[in-house]
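Chemist: Provided herewith is a single structure, encoded as structure tokens, for subsequent inquiry.
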Amino acid sequence: MSSSSSASSLLHVTFFVAVLVLLLFPASSSASGSGGRRGGRQSDLLRLGAPEAETARALRFSAGSAFKVALFADLHYGENAWTTWGPAQDGNSDHVMAGVLDRESPDFVIYLGDVITANNLPMANASLVWDRAISPTRSRGIPWATVFGNHDDAPFEWPPEWFSAAGVPRRVCPMVNSSCPTENLSEEDCRFKGTSRLDLMAKEIEGNALSFSSSGPIELWPSVSNYVLKVFSSKDQDSVVVLLYFLDSGGGSYPEVISNAQAQWFQQKTQEINPDSTIPEIIFWHIPSRAYKRVAPSRIFGIRRPCVGSINKEKVAPQEAERGMMDILLDRPSVKAVFAGHNHGLDWCCPYKKLWLCFARHTGYGGYGDWPRGARMLEMSEQPFAIRSWIRMEDGSQHSDVDLTCVTR
């Protein structure tokens, strides 16, 4: 495709404006990384996964209330960052999260992968965009945790339109608080190399007191974000009510799979902290396991009981292989449900033998599909333990309520 010189100039201007808007005006709701906690909430977190477990803080049920979690899936911040369309979508995603957070007032937020579209980010430090994505939660003093998706560290993909007759736009290498002009930056600074999982996680943790994410055991690399959080009782400070497990399902810089090593780590960790399976366990990862395909509702007849949901617009796009994880989960009566994102056109929960397999809801305006945006909500009660879920939409409506405490047919 050929372009005139005026079109080339417009492309250059658009590129610069998009990057400047992204960096200088990240979100009206942004706040400092050490944002305060909401009044009346005890939010001390125990972060396990790394050998040196931090035990000073732990998530805790509030006295007399349930523990509520919002799942933000597939935000895809930074998509088409060189255009005016891309930053506009990020603004729309800000609005979705702000509406859900203000209406639901969750105790905790989980970013369920594909927080950013790294393959669309022509910059060396993608953590700048990552930080933008978590700002609506941080500014409200709500603690959160993240798990990686297949786009979060994907290599940059050169846009075909850059290779028109007018040529490739000159590179822009944004650096925060830098007084040096772009032409003085080094070649290393100007590469579109993206940011690794380890670097993204390190930047999030070090800059945010409310982040409860963890890189997890180094021996599971290249898989990152494998860890478990304990949620404690409101009545007994040493009593654990529920365990939240996070696993990296791969993609981007390596294959889309939960490895055998991760499965063994999970098994070892459960024997260490919940050997008799008396504590309920909930699992979070980005790409659905192949078991999701086995329970997927018919696209002809739609979502029917015992499945619950509102959209079933595409086939399940599962992990590349099963390496033992699902078998381990099925052997544990304490595992109640698995939550995944990845498929933007699916939001159902279906029973799979002894547990539930659930999709979140496409939250971000980045990514494919034009289905209305929203977020899956989880609410757990302490005594007796119960877990229910529903979807809160951008327009404030609620649907797809389901009891996930046990599987009944």
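Read the figures in this text as sums done on the coordinates, not as results from a lab. A quick note: this is a predicted structure, and the numbers were derived from the prediction, not measured. Virtual Cβ from ideal backbone geometry, glycine too; neighbours counted across all protein chains shown.
Chemist: Taking the Cα centre of segment 70-144 as the origin, how large is its charge dipole in debye, to the nearest 20, when only Lys and Arg (+1) and Asp and Glu (-1) carry charge on their Cβ atoms?
Modeler: 140
Chemist: Please identify which residues in segment 321-348 have an amide N closer than 13 Å to a label point set 7 Å out from the Cα of Asn260, following the Cα→Cβ vector.
Modeler: 322-325
Chemist: Using packing as a proxy for protection, rank 139-149, 109-119 so that the peptide with the highest average count of other Cβ atoms within 10 Å comes first.
Modeler: Taking the mean over residues of other Cβ atoms within 10 Å, the ranking is 109-119, 139-149.
Chemist: Another question, if that's okay. Segment 49-151: which GluC sites (Glu not before Pro) are DSSP loop and have at most 12 other beta-carbon atoms within 10 angstrom?
Modeler: Qualifying residues, ordered by number: Glu52.
Chemist: Could you give the nm distance between label points at Ala66 and Trp371, where each point is 7 Å from its Cα heading toward the beta carbon?
Modeler: 2.3
Chemist: Points 7 angstrom from Cα along the Cβ direction at Leu198 and Glu157: gap in nanometres?
Modeler: The modelled label-to-label distance comes out at 2.7 nm.
Chemist: Taking the Cα centre of segment 312-409 as the origin and placing charges on Cβ (Lys, Arg +1; Asp, Glu -1), which of Asn312, Pro372, Leu329 is farthest toward the positive end of the dipole?
Modeler: Leu329
Chemist: Once you put a point 7 Å from the Cα of Arg294 and another 7 Å from the Cα of Val407, both along the Cβ direction, what distance in nm separates them?
Modeler: With each label placed 7 Å out from Cα toward Cβ, I get 0.9 nm.
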